[in-house]
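Engineer: There's a structure below that I have some questions on.
The values are calculated or read from the model by the stated rules, or taken from the named source; none is laboratory data. Owing to the predicted nature of the structure, the values given are computational and were not obtained by experimental measurement. When we count neighbours, we look across all protein chains shown, and the Cβ atoms used for this are built from the backbone with ideal geometry, even at glycine.
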Ligand code: HEC
Ligand code: HEC
Ligand code: HEC
Ligand code: HEC
Ligand code: HEC
C-alpha cells in the first residue's frame, strides 16, 4: 500500500510509525472538544441570529492557509455601540483600551506533520459547515468532526470517485467586437470547462 519512493519523502519518524499500518489509533481525535473562552462569544448570536458572514470575521479562509481569528477591532465595529453595558462586552472594551489581545482558546489543531490549507478547500466549493458542523447554531464553539487522517482521506476518496467538479467562477460580461457591417456585436465569452477535483490520497500530499 505504501509506495516506497513516496514513503521515503516522509520523515524517519513518520515512516517508522507507518510500518505499523496506516489505521493506527488516531492521535488527534479531539471531536466534541468545546473549551471555555475568555469572553462568552456566541456564533449562534452572530453567525446565526444576525447572519454575519463567516468571512467577515475569518477573512483568511478563501485566500490563505489559515482562516484566522478576528482581532478585537473587528468586534468594536459594532460593540462601541451594541450592549456596551454588558460585563462580557466590558472585557472586550478593556482589552482594546489596554491594547491586549484576547486569548481565545484554540479549538482545532492538527499535528505539525499534517498539512492543511483553507484556501484550496474553500475555493473548491466546500462550505465551512462540511468540516466544522452547524457553527451558526453553536453558543460555544465545538469541534464537530474527528479531523483524523481517515476523515480527510474518506472525503478525498469520495471526491475522486464521484468525479466532482470545481465551481466555475462567474463569467465576465460580453466583449464588444467590431463587425463587417460596422455595427458592433457582443461576443459572449466561452465558459471555461469545469475542472474535475483531484484531492491527494498519496502520503506526501498531506505530509510535506
Ligand atoms: C463576529 C465575528 C465572527 C463570525 C461572524 C464568525 N466567527 Fe468564527 N470565530 C470568531 C471568534 C472570535 C472565534 C474565537 C472564539 C471561539 O472559538 O468562539 C471564532 C472561532 C471559530 C472557529 C474555531 C477556531 C479554532 O480555535 O479552532 C471556527 C471553526 C469558526 N469560528 C468558524 C466560523 C464559521 C463557520 C462561521 C460562519 C458560520 C463563523 N465562524 C462566523 C468570530 C466569528
Ligand atoms: C475541508 C475541511 C474544512 C473546511 C471546508 C473549512 N475548514 Fe476550517 N479548519 C479545518 C481544519 C482541518 C482545521 C485545523 C487546521 C490546523 O490545525 O492547521 C481548521 C481550522 C479552522 C480555524 C482555526 C485555525 C485557522 O485556520 O485560523 C478557523 C477559524 C476555521 N477553520 C474557520 C473556517 C471557516 C470560516 C471556513 C469556511 C469559510 C472553514 N474553516 C472551512 C477544516 C476545514
Ligand atoms: C456586525 C456587528 C457585530 C460584530 C462585528 C460583533 N458583534 Fe457581538 N453582538 C452583536 C449584536 C447585535 C449582539 C446582540 C446584542 C443583544 O443581545 O441585544 C452581540 C452580542 C455579543 C455578546 C453578548 C453580550 C451580552 O451580554 O449579551 C458578546 C459577548 C459579543 N457580542 C462579543 C463579540 C465579539 C468578541 C466580537 C468580535 C469577535 C463581536 N461580538 C463582534 C453585534 C456584533
Ligand atoms: C469534505 C471533503 C474534504 C475533507 C474533509 C478534506 N479535504 Fe482536502 N481536499 C478536498 C478537496 C475538494 C480538495 C481540492 C482538490 C482540487 O482542487 O483538485 C482538497 C485538497 C487538498 C489538498 C491539496 C491542495 C492543497 O491544499 O495543497 C491537501 C493537501 C488536502 N486537501 C489536505 C487535507 C487534509 C490534511 C484534510 C484533513 C485534515 C482534508 N484535506 C480534509 C476535500 C476535502
Ligand atoms: C488527505 C491527507 C492525508 C494523507 C493523504 C495521508 N495522511 Fe497521514 N495524517 C493526516 C492527518 C490529518 C494526520 C493527523 C491526524 C491523525 O493522526 O489521524 C495524519 C497522521 C499520520 C500519522 C500519525 C498517526 C498516528 O497514529 O500516530 C502517520 C504515521 C501518517 N499519517 C502516515 C501516513 C502515510 C504513510 C500516508 C500514505 C499512505 C499518509 N499518512 C497519507 C493526513 C493525511
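Engineer: Within the set of pairs 6+ apart or on separate chains, which have a first residue in region 151-165 that is under 9 Å from residue 199 (Cβ atoms), a second that is not in a helix (DSSP H, G or I), and C-beta atoms under 6 Å apart?
Structural biologist: From region 151-165, the pairs are 156/199; 156/201; 159/197; 159/199.
Engineer: Among the numbered conditions (1) more than 16 Å from ligand 1 (Cβ to nearest atom); (2) out of contact with any strand residue (DSSP E or B) (no Cβ under 6 Å at 6 or more places or on another chain); (3) in a loop (DSSP other than H, G, I, E, B), tell me where residue 147 comes up short.
Structural biologist: (1)
Engineer: Also, I was wondering about something else. Select from region 107-139 the residues that are within 15 Å of residue 69 (Cα to Cα) and touching a residue at least 60 places away in the same chain (Cβ under 8 Å) and write down the one among them that is nearest to ligand 4 (Cβ to nearest atom).
Structural biologist: 108
Engineer: Which condition from (1) under 29 Å from residue 104 (Cβ atoms); (2) within 17 Å of the chain's Cα centre (by Cα) is the one that residue 153 breaks?
Structural biologist: Going through the list (1) under 29 Å from residue 104 (Cβ atoms); (2) within 17 Å of the chain's Cα centre (by Cα), residue 153 breaks only (1).
Engineer: May I ask you to verify whether residue 103 is at negative phi, in contact with a helix residue (DSSP H, G or I) (Cβ under 6 Å, 6 or more places away or on another chain) and surrounded by fewer than 15 Cβ atoms within 10 Å (Cβ to Cβ)?
Structural biologist: no
Engineer: Which residues, counting only those in region 119-144, are part of a helix (DSSP H, G or I) and within 10 Å of the chain's Cα centre (by Cα)?
Structural biologist: Scanning region 119-144 gives 119, 120, 121, 122, 128, 129, 130, 131, 132.
Engineer: Hey, among the residues in region 172-208 that are at pLDDT 90 or above and outside any loop (DSSP other than H, G, I, E, B), which one's surrounded by the most Cβ atoms within 10 Å (Cβ to Cβ)?
Structural biologist: The selected residue is 203.
Engineer: Still on this structure, please answer the following. Can you work out which of the residues in region 72-85 that are in contact with a helix residue (DSSP H, G or I) (Cβ under 9 Å, 6 or more places away or on another chain) and outside any helix (DSSP H, G or I) is farthest from ligand 5 (Cβ to nearest atom)?
Structural biologist: So, considering only residues that are in contact with a helix residue (DSSP H, G or I) (Cβ under 9 Å, 6 or more places away or on another chain) and outside any helix (DSSP H, G or I), the one farthest from ligand 5 (Cβ to nearest atom) is 84.
Engineer: Give the residues of region 88-118 that are more than 16 Å from ligand 5 (Cβ to nearest atom) and not in a loop (DSSP other than H, G, I, E, B), sorted by residue number. Reasoning before the result, please.
Structural biologist: Of region 88-118, the ones more than 16 Å from ligand 5 (Cβ to nearest atom) are 88-105.
Those that are more than 16 Å from ligand 5 (Cβ to nearest atom) and not in a loop (DSSP other than H, G, I, E, B): 88, 89, 90, 91, 92, 93, 94, 95, 96, 97.
Engineer: Output yes when any residue across region 146-157 is closer than 29 Å to residue 40 by Cβ and within 12 Å of ligand 5 (Cβ to nearest atom), and no when none is.
Structural biologist: yes
Engineer: (1) modelled with pLDDT under 95; (2) assigned to a loop (DSSP other than H, G, I, E, B); (3) surrounded by 13 or more Cβ atoms within 10 Å (Cβ to Cβ): which one isn't true of residue 38, the others all being true?
Structural biologist: (1)
Engineer: Say whether the condition of being under 24 Å from residue 55 (Cβ atoms), free of Cβ contacts under 8 Å to residues at least 24 places away in the same chain and more than 16 Å from ligand 4 (Cβ to nearest atom) is met by at least one residue in region 93-105. I'd like the intermediate steps shown before the answer.
Structural biologist: Applying the first criterion (under 24 Å from residue 55 (Cβ atoms)) to region 93-105 yields 95-96, 101-105.
Filter once more, keeping what is free of Cβ contacts under 8 Å to residues at least 24 places away in the same chain: 95.
Cutting the leftovers down to more than 16 Å from ligand 4 (Cβ to nearest atom) gives us 95.
The answer is yes; a qualifying residue exists.
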